[in-house]
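Bear in mind these aren't lab numbers, they're just calculated from the coordinates by the rules spelled out. The shown structure was predicted, so the numbers you read here are calculated from the model rather than taken from an experiment. Neighbour counts run over all protein chains shown; Cβ positions are idealised from the backbone, glycine included.
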Amino acid sequence: MTKRNWLAGVDVGGTTIKLAILDHDGDFITKWEVPTDISDSGHHIPKHIAATLKDKLHSFDATFSDLRGIGVGAPGFIEVETGFIYQAVNIGWRNYPLKERLEMETGVPVFADNDANLAAAGEMWRGAGGGAKNMLCVTLGTGVGGGLISEGIVLHGAAGMAGEIGHITSVPEGGAPCNCGKTGCLETVSSATGIVRLAMEKIEATKSGQLFELFQTTGLVTAKDVFDAAENNDENAKEVVREAMYHLGLAVANLANSLNPNVIVIGGGVSKAGNKLINALRPHFNRFALPKVAAETTFQIAQLGNDAGVIGAAWLVKENINNE
Ligand SMILES: [Zn+2]
């Protein structure tokens, strides 16, 4: 039987590892997930990935020799050239030679990158980016993640920190504390967590309106609820959306003035608000972007959802093998 030249994509998260086998065009052969074993500081993960990949390949009458490579994404600080993980807090890896360990287990070339960068690459290759060579990807979830793609290359910077747009300072004085140790970062106001925090402040202060009633009934307000209530003309919700989108629009416009992307892709939980989000964001973006940048930048909601990471990981293999 001839070799299949498949690509394996792996997205290691704190609770599950998502895996996929794709063909060279990025179409899924199969995808699945397994729980993440974070015991012993994540030391068993490479062995576990190798075992589940081997089993899955076997079910297709295939072996490791049918893979051109394995791409792996993880949340944390990763040296891309060596696949060395400086720190991945949710996994437990610290100074961990991931590439070396997984190559030892599988005998297949391994390439690694930060999960947000790979999600951006996945959207560029097979999702909302539509193959655009210049793309800014913003993930609005618990935090604000990002990926910058310029001339078809994922930017890493001198120390792998490029794309950390969640920590752009949005509120220079008196901002809320951020997980990074600073205050007033973009993610303190424009992430799902930030939007809910702003909404709860309004609910506490006014004790009235749709969000207040929703909170009284369900004990919970989500970022999507805030966008829905704003659409329904709730004053508190409208103010929260305005504040969150003002800061996001300002940050993204400054990035767009620097990078001149074809497309800005918005993903993560908050992107479930869809066009409501883009319609609320666009006026602020247009105000702060250069006229030509504002006119020529399109906004798209991310299309790949949880698959973006494994598709981007497979893209990483394809890029590296092609360039060798
Ligand atoms: Zn921060």
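Ala205: away from the ligand (no atom under 16 Å from the Cβ), closer than 16 Å to Gly268 by Cβ and among the small types (Gly, Ala, Ser), yes or no? So Ala205 does not fit the description; no. Restricting the search to the range 276-307, which residues are surrounded by fewer than 18 Cβ atoms within 10 Å (Cβ to Cβ), in contact with a helix residue (DSSP H, G or I) (Cβ under 9 Å, 6 or more places away or on another chain) and polar (S, T, N, Q)? Within the range 276-307, Asn286, Gln303 meet the criteria.
Does Thr217 satisfy the criteria of being away from the ligand (no atom under 12 Å from the Cβ) and β-branched (Val, Ile, Thr)? Reasoning before the result, please.
Numbers: away from the ligand (no atom under 12 Å from the Cβ): yes; β-branched (Val, Ile, Thr): yes.
In short, yes.
Just a yes or no: is a residue in the range 185-192 within 16 Å of the ligand (Cβ to nearest atom), hydrophobic (A, V, I, L, M, F, W, C), assigned to a loop (DSSP other than H, G, I, E, B) and in contact (Cβ under 8 Å) with a residue 12 or more places away in the chain? Full working, then the answer.
The initial filter retains those residues of the range 185-192 that are within 16 Å of the ligand (Cβ to nearest atom), namely 185-192.
In the following step, the residues that additionally are hydrophobic (A, V, I, L, M, F, W, C) were identified as 185-186, 189, 192.
Cutting the leftovers down to assigned to a loop (DSSP other than H, G, I, E, B) gives us 186.
Checking the rest, the ones that are also in contact (Cβ under 8 Å) with a residue 12 or more places away in the chain come to 186.
Within the range 185-192, one or more residues are within 16 Å of the ligand (Cβ to nearest atom), hydrophobic (A, V, I, L, M, F, W, C), assigned to a loop (DSSP other than H, G, I, E, B) and in contact (Cβ under 8 Å) with a residue 12 or more places away in the chain.
From Val252, Val241, Val310, Val317, which residue is crowded, with 21+ Cβ neighbours inside 10 Å, among the hydrophobic types (A, V, I, L, M, F, W, C) and free of Cβ contacts under 8 Å to residues at least 60 places away in the same chain? Outline the logic, then answer.
Numbers: Val252 fails: free of Cβ contacts under 8 Å to residues at least 60 places away in the same chain; Val310 fails: free of Cβ contacts under 8 Å to residues at least 60 places away in the same chain; Val317 fails: free of Cβ contacts under 8 Å to residues at least 60 places away in the same chain.
On inspection, the qualifying residue turns out to be Val241.
Candidates are the residues of the range 120-140 that are in contact (Cβ under 8 Å) with a residue 40 or more places away in the chain and out of contact with any strand residue (DSSP E or B) (no Cβ under 8 Å at 6 or more places or on another chain); the one that is nearest to Leu248 (Cα to Cα) is Gly122.
Annotation: of all residues in the range 31-60 being crowded, with 18+ Cβ neighbours inside 10 Å and of a type in the set (Gly, Ala, Ser), the one that is nearest to the chain's Cα centre (by Cα) is Gly42. Going by the structure shown, is Phe227 aromatic (Phe, Trp, Tyr), surrounded by 13 or more Cβ atoms within 10 Å (Cβ to Cβ) and either within 14 Å of the ligand (Cβ to nearest atom) or under 30 Å from Leu255 (Cα atoms) (or both)? For Phe227, the condition - aromatic (Phe, Trp, Tyr), surrounded by 13 or more Cβ atoms within 10 Å (Cβ to Cβ) and either within 14 Å of the ligand (Cβ to nearest atom) or under 30 Å from Leu255 (Cα atoms) (or both) - is met. Is it the case that some residue within the range 269-279 is free of Cβ contacts under 8 Å to residues at least 60 places away in the same chain, polar (S, T, N, Q), farther than 30 Å from Ala112 by Cα and outside any helix (DSSP H, G or I)? No, because not a single residue in the range 269-279 is free of Cβ contacts under 8 Å to residues at least 60 places away in the same chain, polar (S, T, N, Q), farther than 30 Å from Ala112 by Cα and outside any helix (DSSP H, G or I).
Could you please let me know if Cys180 is within 13 Å of the ligand (Cβ to nearest atom), buried (at least 23 other Cβ atoms within 10 Å of the Cβ) and not small (Gly, Ala, Ser)?
Working: within 13 Å of the ligand (Cβ to nearest atom): yes; buried (at least 23 other Cβ atoms within 10 Å of the Cβ): no; not small (Gly, Ala, Ser): yes.
The answer is no for Cys180.
The number of residues in the range 274-306 that are more than 18 Å from Ile195 (Cβ to Cβ) and more than 17 Å from the chain's Cα centre (by Cα) comes to 13. Please verify whether Gly131 is surrounded by fewer than 20 Cβ atoms within 10 Å (Cβ to Cβ), of a type outside the set (A, V, I, L, M) and more than 16 Å from the ligand (Cβ to nearest atom), treating the condition exactly as stated. Yes.
Is the range 162-175 home to any residue that is closer than 30 Å to Asn322 by Cα, surrounded by 23 or more Cβ atoms within 10 Å (Cβ to Cβ), away from the ligand (no atom under 12 Å from the Cβ) and in contact (Cβ under 8 Å) with a residue 12 or more places away in the chain?
Step one: of the range 162-175, the residues closer than 30 Å to Asn322 by Cα are 162-165.
Narrowing the set further to residues that are surrounded by 23 or more Cβ atoms within 10 Å (Cβ to Cβ) leaves 163, 165.
Next, from what is left, pick out any that are away from the ligand (no atom under 12 Å from the Cβ): 163.
If we keep only those that are in contact (Cβ under 8 Å) with a residue 12 or more places away in the chain as well, we get 163.
The answer is yes, given that some residue of the range 162-175 is closer than 30 Å to Asn322 by Cα, surrounded by 23 or more Cβ atoms within 10 Å (Cβ to Cβ), away from the ligand (no atom under 12 Å from the Cβ) and in contact (Cβ under 8 Å) with a residue 12 or more places away in the chain.
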